[in-house]
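Report on the structure given below.
The values are calculated or read from the model by the stated rules, or taken from the named source; none is laboratory data. As the structure is a prediction and not an experimental result, all values here were calculated from the model. So basically every Cβ, Gly included, is an ideal-geometry build from the backbone, and we count neighbours across all protein chains shown. Keep in mind that these areas ignore ligands, DNA and RNA; they rest on the heavy atoms of the full protein, side chains included. Shrake-Rupley method; radii C 1.70, N 1.55, O 1.52, S 1.80 Å.
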Amino acid sequence: MPPPSPRSDDALLSVEQARELLLQLPAPHLETRLVPLHEALQRVLGADVVAPFDVPAHDNAAMDGYALRGADLLEGAPARLRVAGRALAGHAFVGELPAQACVRIMTGAVMPPGCDTVVPQELCRESGGELHIPPGAVRAGDHVRRRGEDLAAGRPALHEGRVLHAADLGLAASLGIGELPLRRRLKVAFLSSGDELRSIGQPLDAGCIYDSNRHTLWAMLARLGCEPLDLGLVPDQPDLLEAALRRGCEQADVVISSGGVGVGDADHLGRTMARLGDVSFRQVALRPGRPLACGLLRCERGHTVLLGLPGNPVAVMVAFYVLVRELLLRFMGASPGALPTLRAVAAQALRKRPGRTEYQRATLRRLPDGRWEAASTGNQGSGVLHSMSQADGLLVLEHERGNVAAGEAVDFLPFDGLA
Ligand code: AMP
Ligand code: MG
């Protein structure tokens, strides 16, 4: 019996509907295990990390100056206190502080017992072993970092689902924690399909092109913190495609293919996919990145989510950023929020048809008046990867929007952030 035809639904999905469709795909189970800090960057916490002690562990000075008892300050009159000793960061003042005395203290040093206030050195004067504090220089309780004010013992310092950044690693270290409970990396297999494609190092036969999608996919997956698995270049032959998809299903949590999901190809890829599982072919009101296949591949091990992206190099990247990235982050155990965008003005008029969301490649610059200006890189053909490389990010032209006039406000999605 021939395999069933792939399911397809002619209704054009909005980007929002496509995102929701993808988010219904079942998430793989990723185990949690302890991993050293330096392998934790960009990984996802599988459990809360609880502060084992108060941070800071002691009341300490927030300024260089003198630690004193707030009660020794006089309302409306100067105070005179004997300087009874010194406290440096890492070297606490030891002993009892006599009455009407203070301690020379440096930022970060533990507050001497009984002291609750620091007067900054520039607001007072020491001479002959005595400190003179002018009236009103400081109020009781000023310039002290309280024990536990950053984090109280037993409270979560980092929450499950957090994608770890530099500050999180520092925070764990500040708690004396050298290993973090991390989810296993999401293993994402990817392949390029097309008879015209060649790998680097192979001769380019007439009409052939080098495969770039496996390299952009590898980079986007690696940057997201996934474990990429290269399934290679697959010609437009059902048996070879089936073998590659089976391998992906056996070895990975998600399989991403590029190419062969356009209207002309869908049947070929579709029949192969239909033999292996339940995959539907959809059209998304997204430019570039319109065709999309999604569903489940089945194999002996269980099932794997399949995402079939278009072949055009820019469409692959845009579909990845707009649709796939969020899904993968959720699968990784994170809860991604909306991507932050900048408000910019369009440097030139842009053509845009209502009824689809368009992402246009653009460069960004700061205008003398402080506003951001986004300039199109020109040719927005979905095969022009060079313009993706030139661009600082993508102009987001919303579904209902029509042509954009020069100077009109637009959202800009930058490729790079600080994290
Ligand atoms: P397809 O989606 O297979 O119809 O491919 C659409 C266009 O993208 C065609 O011009 C392909 O040659 C090109 N293309 C497909 N896959 C790749 C790839 N991996 N690298 C570069 N170009 C590709
Ligand atoms: Mg093709």
For this session: Return only the number of the condition from (1) under 44 Å from the mean Cα position of the chain (by Cα); (2) without any contact (Cβ under 8 Å) to a residue 40 or more places away in the chain; (3) part of a strand (DSSP E or B) that VAL119 does not satisfy.
Result: (2)
For this session: Would you tally the residues in region 142-152 being open to solvent by less than 80 Å² (accessible area, probe 1.4 Å), assigned to a loop (DSSP other than H, G, I, E, B) and either over 18 Å from ALA109 (Cα atoms) or in contact with a strand residue (DSSP E or B) (Cβ under 6 Å, 6 or more places away or on another chain) (or both)?
Result: 3
Seminar exercise, completed: Note on region 171-200: residues at pLDDT 95 or above, small (Gly, Ala, Ser), within 15 Å of ligand 1 (Cβ to nearest atom) and surrounded by fewer than 23 Cβ atoms within 10 Å (Cβ to Cβ) are SER199
Exercise. So which residues in region 31-63 are touching a helix residue (DSSP H, G or I) at 6+ places or on another chain (Cβ under 7 Å), modelled with pLDDT of 95 or more and buried (at least 17 other Cβ atoms within 10 Å of the Cβ), if there are any at all?
Worked result: ALA40, VAL44, VAL49
Exercise. Within region 175-203, which residues are part of a loop (DSSP other than H, G, I, E, B) and touching a Phe, Trp or Tyr at 6+ places or on another chain (Cβ under 7 Å)?
Worked result: LEU186, ILE200
Exercise. Surrounded by 19 or more Cβ atoms within 10 Å (Cβ to Cβ), part of a strand (DSSP E or B), touching a residue at least 40 places away in the same chain (Cβ under 8 Å) and within 16 Å of ligand 2 (Cβ to nearest atom) - does that describe any residue in region 206-227?
Worked result: no
Exercise. Is it the case that ARG351 is closer than 23 Å to LEU30 by Cβ and away from ligand 1 (no atom under 16 Å from the Cβ)?
Worked result: no
For this session: Examine region 155-174 for a residue that is out of contact with any helix residue (DSSP H, G or I) (no Cβ under 7 Å at 6 or more places or on another chain), away from ligand 2 (no atom under 16 Å from the Cβ) and part of a strand (DSSP E or B), and state whether such a residue exists.
Result: yes
Problem set entry | Selection status of ALA338, open to solvent by less than 30 Å² (accessible area, probe 1.4 Å) and within 25 Å of the chain's Cα centre (by Cα) | no
Problem set entry | Matching helices (runs of 4 or more DSSP H) fully within region 229-332 where at least 2 residues are without any contact (Cβ under 8 Å) to a residue 12 or more places away in the chain | 238-251
Exercise. Got at least one residue in region 231-238 being within 29 Å of the chain's Cα centre (by Cα) and either closer than 24 Å to ASP48 by Cα or among the small types (Gly, Ala, Ser) (or both)?
Worked result: yes
Problem set entry | Single residue of region 341-357 satisfying the filter (of a type outside the set (Val, Ile, Thr) and under 29 Å from the mean Cα position of the chain (by Cα)) that is nearest to LEU23 (Cα to Cα) | ARG356
For this session: Could you check how many residues of region 241-300 are of a type outside the set (Asp, Glu), surrounded by fewer than 19 Cβ atoms within 10 Å (Cβ to Cβ) and within 16 Å of ligand 2 (Cβ to nearest atom)?
Result: 5
Problem set entry | strands (runs of 3 or more DSSP E) lying entirely in region 346-419 (those with 2 or more residues that are within 22 Å of VAL316 (Cβ to Cβ)) | 357-366, 393-397, 409-414
Exercise. What pairs can you find where one residue is in region 398-419 and more than 13 Å from LEU364 (Cα to Cα), the other is loosely packed, with under 10 Cβ neighbours inside 10 Å, and their Cβ atoms are less than 8 Å apart, with a gap of 6+ or different chains?
Worked result: GLY417/PRO340
Exercise. Among the candidates ALA334, ALA319, which residue alone is more than 16 Å from ligand 2 (Cβ to nearest atom) and on the phi < 0 side of the Ramachandran plot?
Worked result: ALA334
